[in-house]
Amino acid sequence: MDILWLAILGFLLTGYFVLGGYDYGVQLALPFTARDEGGRDESARRQTLAALGPFFFGNEVWLIGAAGVLFGAFPILEGTLLSGAYPLIVALLLGLAAGKSALQLRGRSASAFGRRVWDVLLTAGGLVPAMALGMLIGLLLTGVPLRGGHSFTLSAGEVLHPFVLLCGLSTVLVFAAHGGAFLALRADGRVAARGAAFARRAAAWAMIAAVTTAAAGAALGVRPANAAPAIAAAFALPALLAGVRAALAAARPGLAFAATAAAAALPVVATGLANYPYLLVSSVTPGAGLTLAESAADGATLRILTGFGVVIVPVILGYQAFLWWAFRGRVARPGYF
């Protein structure tokens, strides 16, 4: 049962990285897709946000679902991770709040200056959560300072570890490419063209960042419990990003979006496999950490939760499929935002 719920947790987190990832990517792309040679292009800016609008809040259901699974199926992991990594968790939540609020409020602002302020917050609301998520991945790979019991406290040096920061930067760039590919697929005209150009540039920088991160991890002695998934990811990620550039050059935005989606999903899958059977690896004691068996709820609780999971997971999938079907066309003109 605990393996089943670990798979459900991984599925929900992977879905969040893929679907929430293009949310953040479009926010990061906004300053580039909504400008032309003459400066700000308000019509293009509103079209960019209109392409994202129907999905912007719905994608967060994957994060809520993952938090619910952590709370119910892995209470020890939830208490240990959220309290120990609170600086990054707080940054993630503040970024989410800033981005969601800015999207709603910019359309109600009557002044150009007000809209610029909300646009800055909107872009920051993409950058900060993307960086925080990538740094969390980096921390899970380097390990956390588990000492007595099931708790840890991060120092500034551990949060700002070079490998952790590089993981954050790589995630930002992968999400940026993902957002650009989303605009190339969903938007029309100049916004789609600018999104494709932005995705190509972001994918090139993400390839460099991914290779640099892998090299830094090897040089700094980052050794997960299982090296093979981490090594495979180090080769797969640049290959996927190269595929993004090739697909966009061939005017195949659907294929490019599929490749960026796989690139966004890869960190979650690779980290889970690299750390298994640990959910948290200790950076203090080699070969130790918080295992799956230790962190999972008891069997009776998991059996009860399975009854809810059988219903809720298909509902989430059905909702997401309907959302994409209902808004399957390209956005050709500015919307409310």
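The values are calculated or read from the model by the stated rules, or taken from the named source; none is laboratory data. Keep in mind that what you see is a predicted model, and the values were worked out from it rather than measured. When we count neighbours, we look across all protein chains shown, and the Cβ atoms used for this are built from the backbone with ideal geometry, even at glycine. Areas reflect the complete protein model, heavy atoms only, side chains present, ligands, DNA and RNA absent. Shrake-Rupley method; radii C 1.70, N 1.55, O 1.52, S 1.80 Å.
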(1) among the hydroxyl-bearing types (S, T, Y); (2) exposed (fewer than 15 other Cβ atoms within 10 Å of the Cβ); (3) more than 15 Å from L82 (Cα to Cα) all hold for T123 apart from (2)
Among the residues of region 162-180, which ones are aliphatic (A, V, I, L, M), more than 17 Å from Y16 (Cα to Cα) and in contact (Cβ under 8 Å) with a residue 40 or more places away in the chain?
L166, L169
Looking at region 235-252, can you tell me whether even one residue there is modelled with pLDDT of 95 or more and among the β-branched types (V, I, T)?
yes
Within region 34-151, considering only helices (runs of 4 or more DSSP H) that don't extend past its boundaries, which have at least 2 residues that are hydroxyl-bearing (S, T, Y) and at pLDDT 90 or above?
112-142
Would you confirm whether or not region 249-262 contains a residue that is in a strand (DSSP E or B) and in contact with a Lys or Arg (Cβ under 9 Å, 6 or more places away or on another chain)?
no
When the residues of region 275-294 are narrowed to those that are part of a helix (DSSP H, G or I) and either of a type in the set (F, W, Y) or open to solvent by less than 60 Å² (accessible area, probe 1.4 Å) (or both), which ends up modelled with the highest pLDDT?
N275
Any residue in region 67-80 that is surrounded by fewer than 17 Cβ atoms within 10 Å (Cβ to Cβ) sitting within a Cβ distance under 9 Å of a residue that is modelled with pLDDT of 90 or more and of a type in the set (G, A, S)? List the pairs, counting only those 6 or more apart or interchain.
none
Yes or no: G318 modelled with pLDDT under 80 and under 27 Å from G53 (Cα atoms)?
no
Among A215, A206, the single one that is open to solvent by 10 Å² or more (accessible area, probe 1.4 Å) and among the hydrophobic types (A, V, I, L, M, F, W, C) is A215
Among the listed residues S295, S282, which satisfies the condition of being farther than 18 Å from I8 by Cβ and among the hydroxyl-bearing types (S, T, Y)?
S282
Can you say whether A297 is part of a loop (DSSP other than H, G, I, E, B) and open to solvent by less than 50 Å² (accessible area, probe 1.4 Å), as far as the supplied structure shows?
yes
Here the residues within region 300-311 that are among the small types (G, A, S) and either buried (at least 16 other Cβ atoms within 10 Å of the Cβ) or under 21 Å from S151 (Cβ atoms) (or both) are G309
Say whether the condition of being acidic (D, E) and more than 30 Å from P54 (Cα to Cα) is met by at least one residue in region 152-167.
yes
Regarding region 93-110, can at least one residue be identified that is open to solvent by 60 Å² or more (accessible area, probe 1.4 Å), of a type outside the set (S, T, Y) and in contact (Cβ under 8 Å) with a residue 12 or more places away in the chain?
yes
Of everything in region 219-231, what is assigned to a helix (DSSP H, G or I) and surrounded by 15 or more Cβ atoms within 10 Å (Cβ to Cβ)? Give them in sequence order.
P229, A230, I231
Scanning region 14-27 for residues that are buried (at least 24 other Cβ atoms within 10 Å of the Cβ) and out of contact with any Phe, Trp or Tyr (no Cβ under 7 Å at 6 or more places or on another chain), which turns out modelled with the highest pLDDT?
F17
Given the criterion in contact (Cβ under 8 Å) with a residue 24 or more places away in the chain and more than 24 Å from T80 (Cα to Cα), identify the matching residue among A215, A270, A193, A259.
A259
